[in-house]
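Report on one structure; see the data block that follows.
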Amino acid sequence: MYIHKGSGVHLLNQTRFRYKKGDLFIISPEDEHYFEIAKSTRFTFIKFTDEYFSGHKMYYEADVFIALTPESIMRNKLLKEVKLKMDESCASILKNTVENIVAYNLNRDIDRSPLMFYQVLSILGLIKEAAAKLNIRIDNGQADKEELISYIHQHIYEPSLIQIKSIASHFSISPTYFSDYFKNKFDISYRNYVNDYRISIIEKRLAVPSISLSQIADEFGFTDESHLNKFFKNRKRVGPKAYRKTKIT
(Lines give C-alpha, C1' and ligand atoms only; values in the text may rest on other atoms or scores of the structure.)
Protein backbone atom coordinates (compact mmCIF):
# COMPACT_ATOMS: atom_id res chain seq x y z
CA MET A 1 0.00 0.00 0.00
CA TYR A 2 1.51 3.31 -1.14
CA ILE A 3 0.65 6.79 0.18
CA HIS A 4 0.45 9.41 -2.61
CA LYS A 5 -0.55 12.26 -0.32
CA GLY A 6 -2.01 13.00 3.11
CA SER A 7 -1.16 12.06 6.69
CA GLY A 8 -2.54 10.27 9.70
CA VAL A 9 -2.04 7.05 11.63
CA HIS A 10 -1.93 3.51 10.26
CA LEU A 11 -2.58 0.80 12.86
CA LEU A 12 -1.01 -2.38 11.49
CA ASN A 13 -1.65 -5.38 13.71
CA GLN A 14 -0.68 -3.96 17.11
CA THR A 15 1.74 -1.27 15.99
CA ARG A 16 0.82 2.36 15.42
CA PHE A 17 2.58 4.17 12.57
CA ARG A 18 2.29 7.81 11.56
CA TYR A 19 2.11 7.89 7.79
CA LYS A 20 2.85 10.58 5.19
CA LYS A 21 3.38 11.04 1.48
CA GLY A 22 5.73 8.43 0.00
CA ASP A 23 5.29 5.77 2.69
CA LEU A 24 4.93 2.10 1.77
CA PHE A 25 3.30 -0.59 3.91
CA ILE A 26 3.24 -4.36 3.43
CA ILE A 27 -0.06 -6.06 4.25
CA SER A 28 -0.83 -9.77 3.92
CA PRO A 29 -4.14 -11.60 4.50
CA GLU A 30 -3.25 -12.49 8.09
CA ASP A 31 -2.78 -8.83 9.08
CA GLU A 32 -5.32 -6.51 10.68
CA HIS A 33 -5.13 -2.80 9.92
CA TYR A 34 -7.06 0.44 9.75
CA PHE A 35 -6.42 4.16 9.27
CA GLU A 36 -6.99 7.26 11.34
CA ILE A 37 -6.87 9.90 8.61
CA ALA A 38 -5.74 13.34 9.77
CA LYS A 39 -5.28 14.95 6.34
CA SER A 40 -7.08 13.94 3.14
CA THR A 41 -5.21 10.89 1.87
CA ARG A 42 -4.82 9.14 -1.48
CA PHE A 43 -3.71 5.51 -1.39
CA THR A 44 -2.79 2.93 -3.99
CA PHE A 45 -3.36 -0.67 -3.00
CA ILE A 46 -1.53 -3.18 -5.19
CA LYS A 47 -3.28 -6.51 -4.58
CA PHE A 48 -2.27 -9.96 -5.76
CA THR A 49 -2.53 -13.60 -4.71
CA ASP A 50 0.18 -16.20 -4.05
CA GLU A 51 -0.75 -17.77 -7.39
CA TYR A 52 0.22 -14.53 -9.16
CA PHE A 53 3.89 -15.31 -8.52
CA SER A 54 3.74 -19.05 -9.13
CA GLY A 55 2.10 -18.30 -12.49
CA HIS A 56 5.04 -16.10 -13.53
CA LYS A 57 7.98 -18.25 -12.44
CA MET A 58 9.33 -18.43 -15.98
CA TYR A 59 10.16 -14.71 -15.64
CA TYR A 60 12.23 -14.93 -12.48
CA GLU A 61 13.58 -18.47 -12.05
CA ALA A 62 17.14 -17.12 -12.37
CA ASP A 63 16.42 -14.25 -9.99
CA VAL A 64 17.28 -13.69 -6.33
CA PHE A 65 13.75 -14.81 -5.48
CA ILE A 66 14.67 -18.48 -5.96
CA ALA A 67 15.70 -18.62 -2.30
CA LEU A 68 13.58 -15.65 -1.25
CA THR A 69 10.02 -15.92 -2.47
CA PRO A 70 7.83 -12.84 -2.86
CA GLU A 71 5.26 -14.51 -0.61
CA SER A 72 7.80 -14.81 2.22
CA ILE A 73 8.58 -11.08 1.99
CA MET A 74 4.90 -10.14 2.18
CA ARG A 75 4.37 -12.35 5.25
CA ASN A 76 7.56 -11.39 7.10
CA LYS A 77 6.51 -10.31 10.62
CA LEU A 78 9.58 -8.16 11.17
CA LEU A 79 8.61 -5.89 8.28
CA LYS A 80 5.31 -5.16 10.08
CA GLU A 81 7.07 -3.93 13.23
CA VAL A 82 9.02 -1.12 11.58
CA LYS A 83 8.40 1.67 9.13
CA LEU A 84 10.31 1.12 5.91
CA LYS A 85 12.67 3.98 5.05
CA MET A 86 14.15 4.65 1.63
CA ASP A 87 16.71 7.15 0.47
CA GLU A 88 15.79 9.80 -2.11
CA SER A 89 16.69 7.73 -5.17
CA CYS A 90 14.81 4.63 -4.01
CA ALA A 91 11.80 6.75 -2.98
CA SER A 92 11.74 8.25 -6.48
CA ILE A 93 11.90 4.81 -8.12
CA LEU A 94 9.08 3.61 -5.87
CA LYS A 95 6.88 6.60 -6.73
CA ASN A 96 7.44 6.16 -10.47
CA THR A 97 6.86 2.41 -10.30
CA VAL A 98 3.55 2.78 -8.47
CA GLU A 99 2.45 5.44 -10.97
CA ASN A 100 3.40 3.08 -13.83
CA ILE A 101 1.26 0.34 -12.30
CA VAL A 102 -1.70 2.68 -11.83
CA ALA A 103 -1.43 3.90 -15.44
CA TYR A 104 -1.06 0.40 -16.88
CA ASN A 105 -3.99 -0.84 -14.80
CA LEU A 106 -6.32 0.53 -17.52
CA ASN A 107 -5.18 -2.26 -19.85
CA ARG A 108 -6.86 -5.63 -20.06
CA ASP A 109 -5.22 -8.91 -18.99
CA ILE A 110 -3.09 -7.04 -16.50
CA ASP A 111 -2.53 -10.22 -14.46
CA ARG A 112 -0.82 -11.87 -17.46
CA SER A 113 1.44 -8.95 -18.34
CA PRO A 114 5.21 -9.61 -17.93
CA LEU A 115 5.76 -5.84 -17.87
CA MET A 116 3.40 -5.43 -14.92
CA PHE A 117 4.97 -8.42 -13.16
CA TYR A 118 8.43 -6.85 -13.31
CA GLN A 119 7.02 -3.62 -11.88
CA VAL A 120 5.76 -5.58 -8.86
CA LEU A 121 9.13 -7.35 -8.53
CA SER A 122 10.79 -3.93 -8.60
CA ILE A 123 8.80 -2.88 -5.53
CA LEU A 124 9.75 -6.11 -3.75
CA GLY A 125 13.40 -5.37 -4.58
CA LEU A 126 13.08 -1.94 -2.98
CA ILE A 127 11.52 -3.54 0.10
CA LYS A 128 14.42 -6.00 0.32
CA GLU A 129 16.94 -3.14 0.12
CA ALA A 130 15.08 -1.13 2.78
CA ALA A 131 15.00 -4.19 5.03
CA ALA A 132 18.77 -4.64 4.70
CA LYS A 133 19.33 -1.04 5.82
CA LEU A 134 17.24 -1.77 8.92
CA ASN A 135 19.31 -4.90 9.65
CA ILE A 136 16.30 -7.13 9.00
CA ARG A 137 17.51 -10.37 7.49
CA ILE A 138 14.82 -11.79 5.19
CA ASP A 139 16.83 -14.32 3.20
CA ASN A 140 18.41 -17.64 4.10
CA GLY A 141 22.10 -16.77 3.91
CA GLN A 142 24.90 -17.79 6.25
CA ALA A 143 24.65 -16.73 9.89
CA ASP A 144 25.99 -13.22 10.46
CA LYS A 145 25.18 -10.08 12.44
CA GLU A 146 21.97 -9.45 10.54
CA GLU A 147 20.75 -13.00 11.04
CA LEU A 148 21.39 -12.88 14.78
CA ILE A 149 19.36 -9.68 15.04
CA SER A 150 16.65 -11.07 12.79
CA TYR A 151 16.33 -14.18 14.98
CA ILE A 152 16.00 -12.06 18.14
CA HIS A 153 13.37 -9.81 16.56
CA GLN A 154 11.43 -12.77 15.16
CA HIS A 155 11.25 -14.50 18.57
CA ILE A 156 11.00 -11.52 20.92
CA TYR A 157 7.54 -12.75 21.99
CA GLU A 158 8.88 -16.21 22.87
CA PRO A 159 11.23 -15.77 25.88
CA SER A 160 12.34 -19.40 25.93
CA LEU A 161 13.70 -19.16 22.37
CA ILE A 162 15.88 -16.14 23.08
CA GLN A 163 17.44 -17.51 26.23
CA ILE A 164 21.19 -17.80 25.73
CA LYS A 165 21.07 -21.59 25.77
CA SER A 166 18.47 -21.65 22.97
CA ILE A 167 19.90 -18.98 20.67
CA ALA A 168 23.45 -20.29 21.13
CA SER A 169 22.28 -23.77 20.17
CA HIS A 170 20.42 -22.42 17.14
CA PHE A 171 23.59 -20.78 15.81
CA SER A 172 25.92 -23.59 16.95
CA ILE A 173 27.79 -21.32 19.38
CA SER A 174 28.94 -22.44 22.82
CA PRO A 175 26.53 -21.08 25.49
CA THR A 176 29.47 -20.15 27.71
CA TYR A 177 31.00 -18.11 24.88
CA PHE A 178 27.82 -16.61 23.40
CA SER A 179 27.66 -13.50 25.62
CA ASP A 180 31.23 -12.51 24.75
CA TYR A 181 30.60 -13.35 21.09
CA PHE A 182 27.56 -11.06 20.98
CA LYS A 183 29.30 -8.23 22.85
CA ASN A 184 32.25 -8.37 20.46
CA LYS A 185 29.96 -8.09 17.44
CA PHE A 186 27.56 -5.40 18.68
CA ASP A 187 29.37 -3.47 21.44
CA ILE A 188 26.38 -4.10 23.75
CA SER A 189 25.58 -6.99 26.05
CA TYR A 190 23.11 -9.56 24.79
CA ARG A 191 20.81 -9.00 27.76
CA ASN A 192 20.74 -5.22 27.25
CA TYR A 193 20.08 -5.56 23.54
CA VAL A 194 17.14 -7.91 24.08
CA ASN A 195 15.67 -5.76 26.86
CA ASP A 196 16.07 -2.55 24.84
CA TYR A 197 14.33 -4.10 21.85
CA ARG A 198 11.54 -5.53 24.02
CA ILE A 199 11.02 -2.09 25.58
CA SER A 200 10.85 -0.43 22.15
CA ILE A 201 8.05 -2.80 21.07
CA ILE A 202 6.18 -2.39 24.36
CA GLU A 203 6.33 1.40 23.88
CA LYS A 204 4.59 0.96 20.53
CA ARG A 205 1.90 -1.16 22.15
CA LEU A 206 1.34 1.45 24.86
CA ALA A 207 0.68 4.04 22.15
CA VAL A 208 -2.44 2.09 21.17
CA PRO A 209 -5.19 2.81 23.74
CA SER A 210 -7.20 -0.31 22.90
CA ILE A 211 -4.41 -2.68 23.95
CA SER A 212 -4.61 -3.41 27.68
CA LEU A 213 -1.60 -3.88 29.95
CA SER A 214 -2.67 -7.46 30.61
CA GLN A 215 -2.64 -8.13 26.85
CA ILE A 216 0.88 -6.69 26.57
CA ALA A 217 2.05 -8.74 29.57
CA ASP A 218 0.64 -11.91 28.01
CA GLU A 219 2.10 -11.15 24.57
CA PHE A 220 5.65 -10.78 25.92
CA GLY A 221 5.50 -13.72 28.31
CA PHE A 222 5.32 -11.82 31.60
CA THR A 223 3.65 -13.72 34.43
CA ASP A 224 1.22 -10.86 35.04
CA GLU A 225 0.79 -7.10 34.87
CA SER A 226 2.93 -6.46 37.95
CA HIS A 227 5.94 -8.17 36.34
CA LEU A 228 5.46 -6.05 33.21
CA ASN A 229 5.26 -2.95 35.39
CA LYS A 230 8.48 -3.85 37.24
CA PHE A 231 10.37 -4.60 34.01
CA PHE A 232 9.22 -1.40 32.31
CA LYS A 233 9.87 0.82 35.33
CA ASN A 234 13.39 -0.58 35.75
CA ARG A 235 14.20 0.39 32.18
CA LYS A 236 12.28 3.67 31.79
CA ARG A 237 12.02 4.89 35.41
CA VAL A 238 8.28 5.31 34.92
CA GLY A 239 5.46 2.78 34.97
CA PRO A 240 3.65 1.74 31.75
CA LYS A 241 0.41 3.47 32.79
CA ALA A 242 2.16 6.79 33.35
CA TYR A 243 4.15 6.37 30.14
CA ARG A 244 0.96 5.71 28.17
CA LYS A 245 -0.58 8.97 29.41
CA THR A 246 2.33 10.93 28.00
CA LYS A 247 2.08 9.30 24.57
CA ILE A 248 -1.64 9.23 23.87
CA THR A 249 -3.05 12.56 22.75
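The values are calculated or read from the model by the stated rules, or taken from the named source; none is laboratory data. What you see is a predicted model; the values in this text were computed from it and never measured. Virtual Cβ from ideal backbone geometry, glycine too; neighbours counted across all protein chains shown. Surface areas here come from the heavy atoms of the whole protein model, side chains and all, with no ligands, DNA or RNA. Shrake-Rupley method; radii C 1.70, N 1.55, O 1.52, S 1.80 Å.
Some values worked out for this structure:
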quantity	calculated
Per-residue HN-Hα couplings for segment 2-18 [Karplus 6.51, -1.76, 1.60; θ = phi - 60°; Hz; x = Gly/Pro]	10, 9, 7, 7, x, 7, x, 10, 10, 9, 10, 6, 10, 10, 9, 10, 7
0 to 90° range, to nearest 10: angle between helix 190-206 axis and the chain longest Cα axis	70
Cβ-based charge dipole, the chain, positive-most Cα from Thr97, Ala38, Ala168	Ala38
Cα-centre dipole for segment 102-244 with unit charges at Cβ (Lys and Arg positive, Asp and Glu negative), debye to 20	580
Projected label distance in nm at Lys183 and Lys133, using a 7 Å step from Cα toward the beta-carbon	3.3
Shape parameters for segment 118-249, alpha-carbon atoms, Rg then Dmax in Å	17.2, 52
Alpha-carbon centroid distance for the pair segment 153-194 / segment 220-249, whole angstrom	24
Ranking by accessible area, most exposed first, for Tyr197, Tyr2, Tyr104, Tyr118 with a 1.4 Å probe	Tyr118, Tyr104, Tyr197, Tyr2
With every protein chain in place, segment 166-209: carbon and sulfur % of accessible area (1.4 Å)	46
Size of electric dipole in the chain: Cβ of Lys, Arg +1 and of Asp, Glu -1, about Cα centre, debye, nearest 20	1380
Gyration tensor (alpha-carbon) shape descriptor, segment 190-232, a/c threshold 1.5	oblate
Gaussian network model of the chain, Cα within-10 Å springs - most flexible of Ile37, Ile156, Ile167	Ile37
Segment Ile37-His155, length gained on full extension (0.36 nm per residue, minus Cα span)	39.3 nm
Extension gain (nm, one decimal) between Val102 and Asp196, 0.36 nm per residue minus Cα-Cα	29.7 nm
Size of segment 141-207 as Cα extents on the principal axes (Å, biggest first)	38, 23, 21
Distance from segment 93-123 to segment 1-43 (C-alpha centre basis), Å	21
The chain, relative contact order in percent, only Cα pairs under 8 angstrom and at least six apart counted	15
Cα-based convex hull, the chain, per residue volume (Å³, whole number)	149
Cα→Cβ-extended label distance, 7 Å offset, between Thr246 and Asn234, nm	2.0
With Cα atoms, 0 to 90° folded angle of helix 88-104 axis to the chain main axis	50
Structure-based [θ]222 nm, the chain - -39500 (n - 2.57) summed over DSSP H runs of at least 4, per residue, nearest 500	-14500 deg cm²/dmol
